[in-house]
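**Q** Here it is: the structure, laid out below.
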């Protein structure tokens, strides 16, 4: 299943892993994607990109590689363009 957002694919980075947490927020849903034990990134996705993402889904998140990442633990990445449920 491919969930598409708008934007160009020119400068998209990817992060693939399992969804370990979902938090509903005012501007969408924050998903925590763990690629490995020391490599988890939190992504804020809008409702139009969230079509049935659940805990433990294996997903690939495509995001704007030029967007600033918020340095926190785990890091927070915005500007998600698309999410694929693998």
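**Q** Considering only residues that are over 17 Å from residue 62 (Cβ atoms) and part of a strand (DSSP E or B), which ones fall in the stretch 19-31?
**A** Passing the criteria: 20, 21, 22, 23, 24, 25.
**Q** Looking at (1) part of a strand (DSSP E or B); (2) out of contact with any helix residue (DSSP H, G or I) (no Cβ under 9 Å at 6 or more places or on another chain); (3) within 13 Å of residue 83 (Cβ to Cβ), which is the only condition residue 35 fails?
**A** Unmet for residue 35, out of (1) part of a strand (DSSP E or B); (2) out of contact with any helix residue (DSSP H, G or I) (no Cβ under 9 Å at 6 or more places or on another chain); (3) within 13 Å of residue 83 (Cβ to Cβ): (3).
**Q** Here's another thing I want to ask about it. Return the residues of the stretch 38-50 that are more than 16 Å from residue 71 (Cα to Cα) and in a strand (DSSP E or B); say none if nothing qualifies.
**A** Once the filter is applied, which keeps residues that are more than 16 Å from residue 71 (Cα to Cα) and in a strand (DSSP E or B), the stretch 38-50 yields only 45.
**Q** Which of (1) in contact (Cβ under 8 Å) with a residue 24 or more places away in the chain; (2) over 12 Å from the mean Cα position of the chain (by Cα) does residue 75 not meet, given it meets every other one?
**A** (2)
**Q** Quick one: in the stretch 52-74, which of the residues that are in a loop (DSSP other than H, G, I, E, B) and at pLDDT below 85 is surrounded by the most Cβ atoms within 10 Å (Cβ to Cβ)?
**A** 74
The values are calculated or read from the model by the stated rules, or taken from the named source; none is laboratory data. Since we're looking at a predicted model, the values are computed, not measured. Don't worry about glycine lacking a Cβ; one is built from the backbone with ideal geometry, like all the others, and counts go over all protein chains shown.
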